[in-house]
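The values are calculated or read from the model by the stated rules, or taken from the named source; none is laboratory data. Not measured: the values here are computed from a predicted model. Every residue, glycine as well, gets a Cβ built from its backbone with ideal geometry; the counts of neighbours run over all protein chains shown.
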Amino acid sequence: MNTADAPLHDLTGQLLIAMPGLADPRFQGSVVLICRHSTEGAMGLILNKPMTEVTFAAILSQLDIPQKGGIPDMAICYGGPVDTRRGFVLHSTEYQPDNAENLAINDDFALSATTEILRDIAAGLGPARRFMALGYAGWSAGQLEDEIGENSWLTAAAPPDLVFGARITDKWSAALSSLGISPLTLSSQAGRA
């Protein structure tokens, strides 16, 4: 059956976990939080590819945002190959900015892409839990469903403690563990029964 004819299983707020056989090097070993999924396509953020050459302090400096003392540095990740110069802050939902540019993903997550959230974080007024990424991952209509059908991705619930709390480099194995899967048991070969 063509995935275009299948009913959509909405993955908004879910994790994608890259299978070992995923050929695209930009996504190998990735954990992606799906921020929006519809019949028109999907958008998500890679959660476990740190960008060591970019710091939160440098971004604040570049945007002329003063940083209050005592604000912890926030790791910046490569969010995906689309629009890599644009920043996104994934955050807990208690933070409600004054503007309407806050995208509610579900009860646990929201997404902001404005300098207002960066100003609030720098002033110690931002969300309690947050994650910043440059760029995002995007899929056209039916593309993500096809990739899942080809066994490129596993899907899983997105517990906030894993999304915000697990060490960035441990998120892939933690996401697999949340499904009861050991990374050692996965094969890079895809198949169908």
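Go through segment 174-193 and give me each residue that's of a type in the set (A, V, I, L, M), part of a helix (DSSP H, G or I) and at pLDDT below 90.
Residues of segment 174-193 that are of a type in the set (A, V, I, L, M), as a first pass: 174-176, 179, 181, 184, 186, 190, 193.
Cutting the leftovers down to part of a helix (DSSP H, G or I) gives us 174-176, 184.
If the condition is that a residue be of a type in the set (A, V, I, L, M), part of a helix (DSSP H, G or I) and at pLDDT below 90, then 184 is the only one that fits.
Please tell me if residue 4 is at pLDDT below 95 and small (Gly, Ala, Ser).
Working: at pLDDT below 95: yes; small (Gly, Ala, Ser): yes.
Judged against the criteria, residue 4 is a match.
Are any residues in segment 35-68 free of Cβ contacts under 8 Å to residues at least 24 places away in the same chain and either under 19 Å from the mean Cα position of the chain (by Cα) or at negative phi (or both), and if so, which ones? Break it down into steps so the answer makes sense when it comes.
If we filter segment 35-68 for residues that are free of Cβ contacts under 8 Å to residues at least 24 places away in the same chain, which is where we start, we get 52-53, 55, 57-58, 61-62, 64.
Hits for segment 35-68 are 52, 53, 55, 57, 58, 61, 62.
Assess whether residue 15 counts as being modelled with pLDDT under 95, touching a strand residue (DSSP E or B) at 6+ places or on another chain (Cβ under 9 Å) and either buried (at least 22 other Cβ atoms within 10 Å of the Cβ) or of a type outside the set (Phe, Trp, Tyr) (or both).
Values: modelled with pLDDT under 95: no; touching a strand residue (DSSP E or B) at 6+ places or on another chain (Cβ under 9 Å): yes; either buried (at least 22 other Cβ atoms within 10 Å of the Cβ) or of a type outside the set (Phe, Trp, Tyr) (or both): yes.
No; evaluated as a whole, the condition is false for this residue.
Among the residues of segment 126-173, count how many are assigned to a helix (DSSP H, G or I), in contact with a helix residue (DSSP H, G or I) (Cβ under 6 Å, 6 or more places away or on another chain) and crowded, with 20+ Cβ neighbours inside 10 Å.
Keep residues of segment 126-173 that are assigned to a helix (DSSP H, G or I), which gives 143-149, 160-165, 168-173.
Checking which are in contact with a helix residue (DSSP H, G or I) (Cβ under 6 Å, 6 or more places away or on another chain) leaves us with 162, 173.
Still in the list and also crowded, with 20+ Cβ neighbours inside 10 Å: 162.
Matching residues across segment 126-173 total 1.
Which of the residues that make up segment 24-68 are assigned to a loop (DSSP other than H, G, I, E, B), surrounded by fewer than 20 Cβ atoms within 10 Å (Cβ to Cβ) and small (Gly, Ala, Ser)?
Selection gives 29 alone.
Which members of segment 20-54 meet the condition of being of a type in the set (Ser, Thr, Tyr) and out of contact with any Ser or Thr (no Cβ under 9 Å at 6 or more places or on another chain)? Even if it seems obvious, please write down each step before you answer.
Here is the first cut: in segment 20-54, the residues of a type in the set (Ser, Thr, Tyr) are 30, 38-39, 52.
Across segment 20-54, the qualifying residues are 30, 39, 52.
Do we find a residue being over 22 Å from residue 24 (Cα atoms) and either of a type in the set (S, T, N, Q) or free of Cβ contacts under 8 Å to residues at least 40 places away in the same chain (or both) anywhere in segment 168-179?
Checked against the condition, which is being over 22 Å from residue 24 (Cα atoms) and either of a type in the set (S, T, N, Q) or free of Cβ contacts under 8 Å to residues at least 40 places away in the same chain (or both), segment 168-179 yields at least one hit.
Among what's in segment 69-85 and is of a type outside the set (D, E, K, R), modelled with pLDDT under 95 and in a loop (DSSP other than H, G, I, E, B), pick the residue that is surrounded by the most Cβ atoms within 10 Å (Cβ to Cβ).
My answer is 74.
May I ask you to list the residues in segment 86-111 that are modelled with pLDDT of 90 or more, out of contact with any Pro (no Cβ under 6 Å at 6 or more places or on another chain), assigned to a strand (DSSP E or B) and surrounded by 17 or more Cβ atoms within 10 Å (Cβ to Cβ)?
Result: 87, 88, 89, 90, 110, 111.
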